[in-house]
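Structure first, then comments.
The values are calculated or read from the model by the stated rules, or taken from the named source; none is laboratory data. Computed from a predicted model, the values in this text were never measured in an experiment. FYI the Cβ positions are ideal-geometry reconstructions off the backbone, even for glycines, and counts take in every protein chain you see.
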Amino acid sequence: MKRYDVIVAGGGTAGVFAALAAAGDGMSVLMLEKTTACGGIGTNGAVAPYYDRNDLRLSAELDAQVLKQQTGSGFLLPLKDDCAAPELLKGAFENALKQKGVRIIYQAVVTGVCKDGSRVTGVSWHDPAGNHTAGSGAVIDATGDGTLLFLAGAEFLPANEMEHACQPYARIFTYCAYGRIWNYGGDAGYTDPADPENFSAECLRSAAAQLPERFEETEKRFCYAPVPGIREGRHLRGRQTIRFSEVIRGIQHPEPVAWEYANFDTHTVDLAFEADDVFLFSVAAMQWSTGMNIAIPAGALIPEGVDGIIAAGRMLSADHAASQAVRMKGCMKHLGAVAGIMAASAVKNCKPVAAVHADEITARFPLPPAGKMLQDNENLRLKDPEEIKNALRRKNPGTAIWSAYLLGQKEYLYSLLDEPDFAGTHAAFALAILQDKSALAVLRELARRRDMTKSETGRNEPLRECHGAIAVYLLGFLDDTESFSLLQDIFMEKKDFFFTVAAWRSILRLSSKHPHLLEPGRQIIRQFVDSADSIPCFNCYCGEVYDATGKMKNLSAVWLKQKIDW
């Protein structure tokens with residue numbers, strides 16, 4: 001049996017940099033890639049850099065090389081001016097890997113792992129030449145969905161407890177219009193990448209859905225990205241886990257091996273299926289677009305109970321809500337390189353990968369001072385009550401609302417409730433998040449008049465929640481049983497999906513909590529679901545999804561039907 005120091009399964013963004021880092025540290029490396037090119041979603045998926053960065057020297061060198069090549073090359077234009085063209089980047093990655101001595105096998109589908117007790121010692125795969133097995137000193141799972149970890153018996157975190165669906169995926173296509181070549185795409189739907197039947201059906205559906213009824217002479221579509229831009233699949237249960245509830249409250253892991261900078265982008269305007277913390281932070285406190293630094297510990301790449309294998313990619317140990325932010329391309333490059341160094345150090349020093357200390361990694365890939373990164377996050381907060389009050393009077397109150405929650409004091413907010421314009425509304429939101437029922441009068445009035453006012457946010461997302469819809473949700477959060485009939489009226493109107501979803505969540509909460517409201521709540525939802533043809537899309541991008549047979553279904557309607565008899 002052929003043996004390598006390190007085997008990397010998956011040649012996407014993380015896999016490429018894992019192989020390059022391990023080979024650069026003197027390791028013999030085999031990289032297995034199921035498609036016919038390197039780069040994953042960034043090349044085969046044609047997704048431009050998203051929160052990308054070039055703090056890895058090798059990454060900066062490759063991008064500079066490709067940007068120089070693409071000038072006048074005729075290759076596909078990038079989505080952004082500073083983004084390397086995907087077709088050229090495929091070649092750059094492959095050349096860099098071969099120069100480092102990495103053996104690449106394309107069309108290689110991993111089928112199993114070799115184990116000695118709890119330690120992974122090799123990988124089996126199938127390629128056009130047949131079935132193969134190779135041994136290794138360390139294995140890096142860069143498959144994106146944790147395929148090797150699954151085969152090795154690693155545990156995974158539970159799915160989103162509300163509706164068990166992954167983040168929507170992107171689908172990119174290229175077209176020619178008015179003499180120029182463009183890339184275009186969007187969120188095409190939901191799919192479970194670990195379900196082959198569902199995944200295949202969704203890929204076919206989304207590709208067909210993007211075809212126009214007729215092709216005009218001035219617009220010709222001629223290239224679809226062969227790989228969908230999957231954002232989320234399995235999440236490893238690692239020795240350390242990144243949790244949304246901790247990060248938004250300023251609790252970070254010590255001794256990180258990488259830092260991510262991103263906002264918690266849920267790709268849903270209604271957040272109908274997310275946990276309360278996500279709604280309170282992203283919608284009620286309007287922090288959807290606020291970017292912050294997130295510490296990534298080495299333990300988030302190492303599975304519990306299995307040795308000899310390291311995760312590199314979006315399947316790292318992070319809960320569903322946190323994973324929205326720690327999947328960006330720049331972080332995937334860095335974590336790939338981190339995994340490569342961890343594997344190399346474990347092999348050279350004959351020790352478990354879990355025994356590789358963070359200092360060994362950061363010596364190779366220095367990080368910004370932790371104090372600076374944490375201070376940048378702290379700078380987003382307001383700590384003085386008067387400063388918070390003044391900020392709540394403005395049209396962009398998000399930082400002030402969340403700062404009021406973190407400060408934990410209430411008395412200074414009461415005087416704002418009777419102020420006109422934005423102040424009273426924003427103060428009511430802050431008090432509601434603090435679970436203070438003095439906000440109820442303002443919230444009830446906002447809901448009663450179906451207030452469509454929107455505050456400003458960092459990016460002013462056009463589909464952000466209006467004040468009335470936020471108030472409707474917060475009435476349920478504050479356990480306001482007196483508003484039950486108002487919520488029922490809003491729910492049955494079905495005029496605006498922001499209000500509809502918020503009312504549904506509040507009715508569900510109140511009905512589940514109070515026995516006298518349980519049957520009325522069931523009847524309301526039954527009546528609503530019976531008129532399924534008029535159920536609105538509860539997600540701004542992909543409210544309509546398809547099952548494996550190709551039959552369209554509304555995700556929100558399906559979930560409601562399942563919850564009628566909770």
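If you check PRO385 against the conditions, is it without any contact (Cβ under 8 Å) to a residue 40 or more places away in the chain, outside the structural domain of THR121 (by TED's automatic domain parsing) and of a type outside the set (A, V, I, L, M)? So PRO385 fits the description; yes.
Return the residues of the stretch 25-69 that are part of a helix (DSSP H, G or I), buried (at least 18 other Cβ atoms within 10 Å of the Cβ) and in contact (Cβ under 8 Å) with a residue 40 or more places away in the chain; say none if nothing qualifies. Steps first, please.
Start the filter on the stretch 25-69 by keeping residues that are part of a helix (DSSP H, G or I), which leaves 40-42, 57-69.
Subsequent filtering for residues that are buried (at least 18 other Cβ atoms within 10 Å of the Cβ) retains 40-42, 59, 62-63, 66.
Hits for the stretch 25-69 are GLY40, ILE41, GLY42, SER59.
Residues in the stretch 94-110: is at least one of a type in the set (D, E, K, R), under 26 Å from VAL353 (Cα atoms), in contact with a Phe, Trp or Tyr (Cβ under 7 Å, 6 or more places away or on another chain) and at pLDDT 95 or above? Step through it out loud before you land on a result.
Let us first name the residues in the stretch 94-110 that are of a type in the set (D, E, K, R), namely 94, 98, 100, 103.
From what's left, under 26 Å from VAL353 (Cα atoms): 98, 100, 103.
Within this subset, residues satisfying the condition of being in contact with a Phe, Trp or Tyr (Cβ under 7 Å, 6 or more places away or on another chain) are none.
Checked the stretch 94-110: no residue is of a type in the set (D, E, K, R), under 26 Å from VAL353 (Cα atoms), in contact with a Phe, Trp or Tyr (Cβ under 7 Å, 6 or more places away or on another chain) and at pLDDT 95 or above.
All conditions but one from (1) surrounded by fewer than 23 Cβ atoms within 10 Å (Cβ to Cβ); (2) closer than 30 Å to LYS454 by Cβ apply to ALA284; the one that does not is (1).
Would you mind stating whether ALA503 is out of contact with any Gly (no Cβ under 7 Å at 6 or more places or on another chain) and either over 27 Å from ARG393 (Cβ atoms) or in contact (Cβ under 8 Å) with a residue 24 or more places away in the chain (or both)?
Working: out of contact with any Gly (no Cβ under 7 Å at 6 or more places or on another chain): yes; either over 27 Å from ARG393 (Cβ atoms) or in contact (Cβ under 8 Å) with a residue 24 or more places away in the chain (or both): yes.
Criteria met by ALA503.
Would you mind stating whether PHE429 is on the phi < 0 side of the Ramachandran plot, without any contact (Cβ under 8 Å) to a residue 60 or more places away in the chain and aromatic (Phe, Trp, Tyr)? So PHE429 fails the test.
Of the residues GLU304, GLU360, which single one is surrounded by fewer than 23 Cβ atoms within 10 Å (Cβ to Cβ), in contact (Cβ under 8 Å) with a residue 24 or more places away in the chain and not basic (Lys, Arg)?
Working: GLU360 fails: in contact (Cβ under 8 Å) with a residue 24 or more places away in the chain.
Residue meeting the stated conditions: GLU304.
Are any of the residues in the stretch 70-80 at pLDDT 75 or above and not in a loop (DSSP other than H, G, I, E, B)? Checked the stretch 70-80: no residue is at pLDDT 75 or above and not in a loop (DSSP other than H, G, I, E, B).
Once the stretch 121-155 is narrowed to residues that are out of contact with any helix residue (DSSP H, G or I) (no Cβ under 9 Å at 6 or more places or on another chain) and of a type in the set (Val, Ile, Thr), the residue that is surrounded by the most Cβ atoms within 10 Å (Cβ to Cβ) is THR147. Applying the selection to the stretch 395-410, what residues are surrounded by fewer than 18 Cβ atoms within 10 Å (Cβ to Cβ) and either polar (S, T, N, Q) or touching a residue at least 40 places away in the same chain (Cβ under 8 Å) (or both)? Within the stretch 395-410, LYS395, ASN396, LEU406, GLN409 meet the criteria. Taken together, the criteria exclude GLU386 from residues that are farther than 22 Å from GLY291 by Cα, within 29 Å of the chain's Cα centre (by Cα) and in a helix (DSSP H, G or I).
Can you pull out the residues in the stretch 106-120 that are surrounded by fewer than 17 Cβ atoms within 10 Å (Cβ to Cβ) and assigned to a strand (DSSP E or B)? Talk me through it step by step, then tell me what you get.
As a first pass, look at the stretch 106-120 and keep what is surrounded by fewer than 17 Cβ atoms within 10 Å (Cβ to Cβ): 106-107, 109, 111-112, 116-119.
Of everything in the stretch 106-120, those that are surrounded by fewer than 17 Cβ atoms within 10 Å (Cβ to Cβ) and assigned to a strand (DSSP E or B) turn out to be TYR106, VAL109, THR111, GLY112, ASP116, ARG119.
Scanning the stretch 123-145 for residues that are of a type in the set (Gly, Ala, Ser), modelled with pLDDT of 95 or more and farther than 16 Å from CYS350 by Cα returns SER124, ALA129, GLY130, ALA134, ALA142. Looking only at residues of the stretch 461-481 that are farther than 17 Å from LEU431 by Cα and touching a residue at least 24 places away in the same chain (Cβ under 8 Å), we find that the one that is surrounded by the most Cβ atoms within 10 Å (Cβ to Cβ) is GLU465. In summary, GLY11 fulfils each of the numbered conditions (1) modelled with pLDDT of 85 or more; (2) part of a helix (DSSP H, G or I); (3) of a type in the set (Gly, Ala, Ser) with the single exception of condition (2).
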